[in-house]
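Visitor: Sharing a structure here in structure tokens format.
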There are 2 protein chains.
Amino acid sequence: MSAAEPEACALSSSSLDVEEKCQYYGNSSSDPPTEPHPDMDMFCCHSVQDSLLSSDSRFTNYRGILNWIIILLILTHAHLFLDNFIQHGFLIDLRKVLEHLMEDHYNWPSVNLILAANMFAIAALLLERCLDKGTLSPSAGHCLHLGNLGLLTLFPAVIILYDTSISTGGAYFSLWTYTVLGLKLYSYQETNSWYRQGSVPSSGTDKCVLHETKKHIEHLTIKDLYYFLLAPTLCYQRNFPFTPRVRINVLCKTLIEMVVLTQIIVGVVQQWIEPIFQRSENSFSNMDITTRVEHLMELVAPNHFLWLMFSFLFSHSYLNFCAELLCFGDRHFYGDWWNAKTLKCFWGNWNIPLHKWRYRHLYTPLLKKRVSQKQADLLVFLMSAALCEYVIALPLHSCRLWIFFMMIFELLVDVYLGDYFKGNYGNGLVWLCFLLGPPLAMMTYFHDHYMSHHGQHPPGLSVAECLS
Amino acid sequence: MSAAEPEACALSSSSLDVEEKCQYYGNSSSDPPTEPHPDMDMFCCHSVQDSLLSSDSRFTNYRGILNWIIILLILTHAHLFLDNFIQHGFLIDLRKVLEHLMEDHYNWPSVNLILAANMFAIAALLLERCLDKGTLSPSAGHCLHLGNLGLLTLFPAVIILYDTSISTGGAYFSLWTYTVLGLKLYSYQETNSWYRQGSVPSSGTDKCVLHETKKHIEHLTIKDLYYFLLAPTLCYQRNFPFTPRVRINVLCKTLIEMVVLTQIIVGVVQQWIEPIFQRSENSFSNMDITTRVEHLMELVAPNHFLWLMFSFLFSHSYLNFCAELLCFGDRHFYGDWWNAKTLKCFWGNWNIPLHKWRYRHLYTPLLKKRVSQKQADLLVFLMSAALCEYVIALPLHSCRLWIFFMMIFELLVDVYLGDYFKGNYGNGLVWLCFLLGPPLAMMTYFHDHYMSHHGQHPPGLSVAECLS
């Protein structure tokens, strides 16, 4: 319980009081009390004093309440858990997921799609080499780069929309790969153009700046590009910071975390979320308002746990695994968003690589173009919201803008309620937005996709099959 | 959130870091960052650092998690609450309880029984007067007092066991009145005998001791006795500490608390506990083990909330109301049992008047008779456990010793596990025992009483009727 450490002093002094009291009233097994005189106590056993909970008593030690809340939460969920197993039996079946992944006719289209992504990376490298040798003018190179990135964006979208043989899971995987690749290649071309322009501060002492002129051409290699593409970052730079060696124990730890968490996530989906999906008789877009609220309430808890586990799995375990494997030094993949007191801080700390990219390649360039800070903030936010909607809605073929509007709604909450919710209350508001905001909107997409594939209560159908 | 105050410094410094970071990465609306140089940041945007959640990072600020737990708990229970209303409709009906209380043929026996209790009080006063005048020898007086107390114990027990016209609610009310009266009269006669023996410390400076010889006879009055009998304490003394006046606002506040809490308690019983009772098809003594565990799990949460509310209603609101009305000064009716780190401390702080009585009239006299501390502790505990069983089981006519054995079990838990659960973990153990211990055993008594009166799923029968 490390969060409680600053309270330790206050607590121990109070617990001493309690123990003294216990001893005084004889419930302790240590020596009998000597002060005050026992017979005095016999005659006058009352004194004027307030009840602890009355407002006059100035008593403020409620440390035990925290333990109470934790135990109550665990017990409540243990009960829901038992209830679920009693009601539905044991539904978790990892084989279903594995079998689904093995069926090759579902996954070859997405594997091919991902392999095709190399094309765009190589094109970007070739363009950079031409630009570096001077065989292309900077503006022409920039245009060609943007064309390359445009194709990279359109290509998977078109394939996913028109190739019906691609599975939903495969579509997600390839779209996310392409999105990450697009962000990385944008960073690659822009950073390389900065290097070429030599816009280096004269007082620069960092090695990556000093070596810039000497080792220019050395960096435009396949190896350097692919290291960047595989590294857990979206921002390109030459000479990434390295760790001295691959630590096997860290690799094993993150690998075990990934295996265990994946199984728990599959378990939550199959045992908790799927029965809720199966109980509903309509898609969210066709429900009346009370049924919709009831269903959303049911989905809040499993969806939230899923998100927490997924974010830990991805932001901590997976990215650390990659970083360890590549000796990549910068492991700052997430801030302490759980302590965030404003939604802005939450968004800034949730996904640091994406946030860095936004700051470096969207926000700062906008500022340099004399856009005001607030407008730049808003533009960056709108682009992020649109990107979220795009990467979630496209593979499901259902663009209804709920995630986008949910994020806009959160922005309004932050702007209009942020002043009233400070400190702890601000943190509470952030958690509430996280619980009821975009993640829940996202879940409705999956729910409706599930409903459109398995209408009225199909028994025994799995989400894995639904993803096909 | 007063419990969090000691953490405020650590938190605010950390949140400053976060805000600085947010500003640095451009998500703040204040002035643009000047250090480090923005272009430097553009080129080298990575540095070697650990993830916050990895064990190397030494990051320990998880303050936000507390807010998360609280919100999750509220949402989960809001969902259970909604679910309950959707499933059962609105079952709360205060009129049922009031109508039941108005039906006079149910309640006259208990009213008569309570009025008869005055007899024993008057007898005790008369005995004291005779002892004071010397018309009775101390030993004969003591024997007569014990006889009076014995009758006082047997009388309600016999009436409740053999008078079938008495309602269960009335039986509870009268048995508890008699029990409290018995404890008070025991204290009355013992304290008065101490006063007579003049076993006063020579260095005594307290007014109640100094005035002792002068005002001896003045205290053996009806008024003094009835003040003690109505006052919220079990230990007699002459000259109780008084508050200067009755504060109307405190009276109103406690009265409102009592009215509101009573309604919530009735609501929880009718809306939450009764449907669980109605769902069960057997009494606990006839259930197989899995059904029993399942049913107990269902009852844990409502039973716990009921206990918390009842203990606040009684220990805080009701006793403070009485004390305010009587200008009784000593309002120390409960300690901070929620912070207790051992079960001993919990028992010592749960009900201070009873604990004071045990210490003054059981524990200390036992020590004076050269009983060892541990044995005295054990004896006092066994007597308390037996008293609990007696006052709960007798009105239901079902003495099966579950509460008694549950308390013995807790004693064993305290003795054998107390050494392994220290500090916060000890507090967790205390909460767990409180959640799953005697209160739950008590609930099974009521459950089985309900089952014996309304067998297979009677629709629309109320607990109030069941108490008849």
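Visitor: Have a look at B:I273, B:I256 and point out the one that is over 30 Å from B:H361 (Cβ atoms), in the same structural domain as B:H332 (by TED's automatic domain parsing) and either surrounded by 15 or more Cβ atoms within 10 Å (Cβ to Cβ) or at pLDDT below 90 (or both).
Guide: On inspection, the qualifying residue turns out to be B:I273.
Visitor: Right, another one. Take the stretch A:325-364 and flag every residue that is of a type outside the set (F, W, Y), out of contact with any His (no Cβ under 8 Å at 6 or more places or on another chain), facing chain B (nearest Cβ under 7 Å) and closer than 22 Å to A:L185 by Cα.
Guide: Those that are of a type outside the set (F, W, Y), out of contact with any His (no Cβ under 8 Å at 6 or more places or on another chain), facing chain B (nearest Cβ under 7 Å) and closer than 22 Å to A:L185 by Cα: A:R331, A:H332, A:H355, A:K356, A:R360, A:T364.
Here's the yes/no breakdown for (1) among the basic types (K, R); (2) part of a helix (DSSP H, G or I); (3) modelled with pLDDT under 90:
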site: B:L136; (1), (2), (3): no, no, yes
site: B:L154; (1), (2), (3): no, yes, no
site: B:S187; (1), (2), (3): no, yes, no
site: B:Y195; (1), (2), (3): no, yes, yes
site: B:S199; (1), (2), (3): no, no, yes
site: B:V209; (1), (2), (3): no, yes, yes
site: B:E218; (1), (2), (3): no, yes, yes
site: B:K223; (1), (2), (3): yes, yes, no
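Visitor: Here is a further query. Any residue that is closer than 28 Å to B:I65 by Cα, in a helix (DSSP H, G or I) and touching a Leu at 6+ places or on another chain (Cβ under 6 Å) - is there at least one of those in the stretch A:391-409?
Guide: Looking for residues that are closer than 28 Å to B:I65 by Cα, in a helix (DSSP H, G or I) and touching a Leu at 6+ places or on another chain (Cβ under 6 Å), one finds none in the stretch A:391-409, hence no.
Visitor: Another question, then. If you go through the stretch A:297-314 one residue at a time, do you hit one that is surrounded by fewer than 21 Cβ atoms within 10 Å (Cβ to Cβ), more than 17 Å from the chain's Cα centre (by Cα) and either not assigned by TED's automatic domain parsing to the domain that holds A:H453 or not β-branched (V, I, T) (or both)?
Guide: Yes, some residue in the stretch A:297-314 is surrounded by fewer than 21 Cβ atoms within 10 Å (Cβ to Cβ), more than 17 Å from the chain's Cα centre (by Cα) and either not assigned by TED's automatic domain parsing to the domain that holds A:H453 or not β-branched (V, I, T) (or both).
Visitor: Sticking with this one: Going residue by residue through the stretch A:242-250, is there one that turns out to be surrounded by fewer than 18 Cβ atoms within 10 Å (Cβ to Cβ) and assigned to a helix (DSSP H, G or I)?
Guide: Yes, the stretch A:242-250 has at least one match.
Visitor: Which number in (1) surrounded by 15 or more Cβ atoms within 10 Å (Cβ to Cβ); (2) of a type in the set (A, V, I, L, M); (3) under 24 Å from A:P302 (Cα atoms); (4) more than 14 Å from chain B (Cβ to nearest Cβ) marks the one condition that A:I114 misses?
Guide: Of everything listed in (1) surrounded by 15 or more Cβ atoms within 10 Å (Cβ to Cβ); (2) of a type in the set (A, V, I, L, M); (3) under 24 Å from A:P302 (Cα atoms); (4) more than 14 Å from chain B (Cβ to nearest Cβ), A:I114 misses just condition (3).
Visitor: Does the stretch A:364-380 hold any residues that are in contact with a helix residue (DSSP H, G or I) (Cβ under 7 Å, 6 or more places away or on another chain), more than 18 Å from A:V180 (Cα to Cα) and touching a residue at least 12 places away in the same chain (Cβ under 8 Å), and which are they?
Guide: Scanning the stretch A:364-380 gives A:L366, A:A376, A:L379.
Visitor: Considering only residues that are of a type in the set (S, T, N, Q) and more than 7 Å from chain A (Cβ to nearest Cβ), look in the stretch B:315-324 and name the one that is nearest to the chain's Cα centre (by Cα). Write out each step before concluding.
Guide: Step one: list which residues in the stretch B:315-324 are of a type in the set (S, T, N, Q), which gives B:315, B:317, B:320.
Among the residues that remain, those that are also more than 7 Å from chain A (Cβ to nearest Cβ) are: B:315, B:317.
Details: B:S315: 6, B:S317: 12 Å.
Across the stretch B:315-324, the extreme among qualifying residues is B:S315.
Visitor: Inspect all residues belonging to the stretch A:326-344 and state whether any of them is under 30 Å from B:N84 (Cα atoms) and either surrounded by fewer than 22 Cβ atoms within 10 Å (Cβ to Cβ) or in contact with a helix residue (DSSP H, G or I) (Cβ under 7 Å, 6 or more places away or on another chain) (or both).
Guide: No.
Visitor: Determine if the stretch B:117-134 includes at least one residue that is in a loop (DSSP other than H, G, I, E, B) and within 14 Å of chain A (Cβ to nearest Cβ).
Guide: Looking for residues that are in a loop (DSSP other than H, G, I, E, B) and within 14 Å of chain A (Cβ to nearest Cβ), one finds none in the stretch B:117-134, hence no.
Visitor: Within the set of pairs 6+ apart or on separate chains, which have a first residue in the stretch B:406-418 that is in the same structural domain as B:L432 (by TED's automatic domain parsing), a second that is among the β-branched types (V, I, T) and surrounded by 15 or more Cβ atoms within 10 Å (Cβ to Cβ), and C-beta atoms under 6 Å apart?
Guide: Within 6 Å, the pairs are B:G418/B:T342.
To keep it simple, each residue is scored yes or no on (1) assigned to a helix (DSSP H, G or I); (2) within 23 Å of B:H453 (Cα to Cα); (3) of a type in the set (K, R).
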{"residue": "B:N282", "(1), (2), (3)": "no, yes, no"}
{"residue": "B:S285", "(1), (2), (3)": "yes, yes, no"}
{"residue": "B:L296", "(1), (2), (3)": "yes, yes, no"}
{"residue": "B:L299", "(1), (2), (3)": "yes, yes, no"}
{"residue": "B:F305", "(1), (2), (3)": "yes, no, no"}
{"residue": "B:M309", "(1), (2), (3)": "yes, no, no"}
{"residue": "B:L313", "(1), (2), (3)": "yes, no, no"}
{"residue": "B:Y318", "(1), (2), (3)": "yes, no, no"}
{"residue": "B:C322", "(1), (2), (3)": "yes, no, no"}
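Visitor: Run down A:L91, A:L66, A:L73, A:L80 and say which single residue is more than 10 Å from chain B (Cβ to nearest Cβ) and modelled with pLDDT of 70 or more.
Guide: A:L91
Visitor: Quick check, is A:I408 at pLDDT 90 or above, farther than 26 Å from A:L146 by Cβ and of a type outside the set (D, E)?
Guide: yes
Visitor: Given the conditions (1) at the interface with chain B (Cβ under 8 Å from one of its Cβ atoms); (2) closer than 22 Å to A:V430 by Cβ; (3) at pLDDT below 90, and given that A:E298 satisfies all but one, which numbered condition is not satisfied?
Guide: It is condition (2) that A:E298 fails.
Visitor: So which residues in the stretch A:411-430 are of a type in the set (D, E, K, R) and over 25 Å from A:L379 (Cα atoms), if there are any at all?
Guide: Hit for the stretch A:411-430 is A:K422, nothing else.
Visitor: Additional query: Does A:A385 satisfy the condition of being buried (at least 21 other Cβ atoms within 10 Å of the Cβ) and either modelled with pLDDT under 90 or within 30 Å of B:N67 (Cβ to Cβ) (or both)?
Guide: Details: buried (at least 21 other Cβ atoms within 10 Å of the Cβ): no; either modelled with pLDDT under 90 or within 30 Å of B:N67 (Cβ to Cβ) (or both): yes.
When the stated conditions are applied, A:A385 does not pass them.
The values are calculated or read from the model by the stated rules, or taken from the named source; none is laboratory data. Please read all numbers here as calculations on a predicted model, not as lab measurements. Glycine gets a Cβ as well: all are built from the backbone with ideal geometry, and neighbour counts include every protein chain shown.
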